[in-house]
Amino acid sequence: PRLICGEEPEMCIRLRRAGWRIFRLDADMTLHDAAMMKLSQFWRRSIRGGWAVAEGFARYGGPPEYYMQRQHKSGWLWGAGVPLAMVILAWPTQGLSFLLLLGYPYLIWRVYRYRIGAGDRPSHARLYAFYTVLSKIPQAIGQGQYWLTRWQGKTATLIEYKG
């Protein structure tokens, strides 16, 4: 299949379906140079990640893989649902809907606790949690772009983030 991102996990699914077994070696074998030095690059990379989530979900989100189901829901909820609910409900709730913003520190805390449990140092877990939550809005944008492009029957083009 023609993919613009998320190729490796997709290939592993196809290999498993063909009867192959996938083994993970606990050794560094390559260095992925994201070379992101600007927030704009992080933002574009997160949009690209959202595209990969949506496309992976579209291809393999059902049984038996249930691939990217959780990430797909999370991107829509935190990246689109909460911000839209805040804005749409701002007038009828006299601004109380902006209390939904408190969900983001809670989500950061949850991700932080997860990473600590995975053995990360606290400083790394904090950074990981912050940027994971920050990426939710561009992830939702990427998911939306994928579904819109698919609905329109257009051909996907690479989402560049370097440069």
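Would the range 21-42 turn up any residue that is touching a helix residue (DSSP H, G or I) at 6+ places or on another chain (Cβ under 6 Å) and assigned to a helix (DSSP H, G or I)?
No.
Take the conditions among the small types (Gly, Ala, Ser) and surrounded by 15 or more Cβ atoms within 10 Å (Cβ to Cβ) and apply them to ALA129. Does it pass?
On the way: among the small types (Gly, Ala, Ser): yes; surrounded by 15 or more Cβ atoms within 10 Å (Cβ to Cβ): yes.
Yes: the conditions hold for ALA129.
Please give the number of the condition ALA125 fails out of (1) touching a residue at least 24 places away in the same chain (Cβ under 8 Å); (2) touching a Lys or Arg at 6+ places or on another chain (Cβ under 9 Å); (3) farther than 17 Å from LEU39 by Cβ.
Unmet for ALA125, out of (1) touching a residue at least 24 places away in the same chain (Cβ under 8 Å); (2) touching a Lys or Arg at 6+ places or on another chain (Cβ under 9 Å); (3) farther than 17 Å from LEU39 by Cβ: (1).
If you go through the range 59-114, how many residues are loosely packed, with under 15 Cβ neighbours inside 10 Å and closer than 30 Å to ALA18 by Cβ?
Qualifying residue count, the range 59-114: 6.
If I ask for residues that are out of contact with any Phe, Trp or Tyr (no Cβ under 8 Å at 6 or more places or on another chain) and hydrophobic (A, V, I, L, M, F, W, C), which ones from the range 67-81 would you list? Steps first, answer last, please.
Taking the range 67-81 and keeping what is out of contact with any Phe, Trp or Tyr (no Cβ under 8 Å at 6 or more places or on another chain), we get 70, 73-77, 79-81.
Listed by number, the residues that qualify are TRP76, LEU77, ALA80.
So MET37 fits all but one of (1) under 18 Å from the mean Cα position of the chain (by Cα); (2) at pLDDT below 95; what number is the exception?
(1)
The values are calculated or read from the model by the stated rules, or taken from the named source; none is laboratory data. From a predicted model like this one, the values you see are computed outputs, not experimental measurements. All Cβ positions, glycine included, derive from the backbone under ideal geometry; neighbour counts span all protein chains shown.
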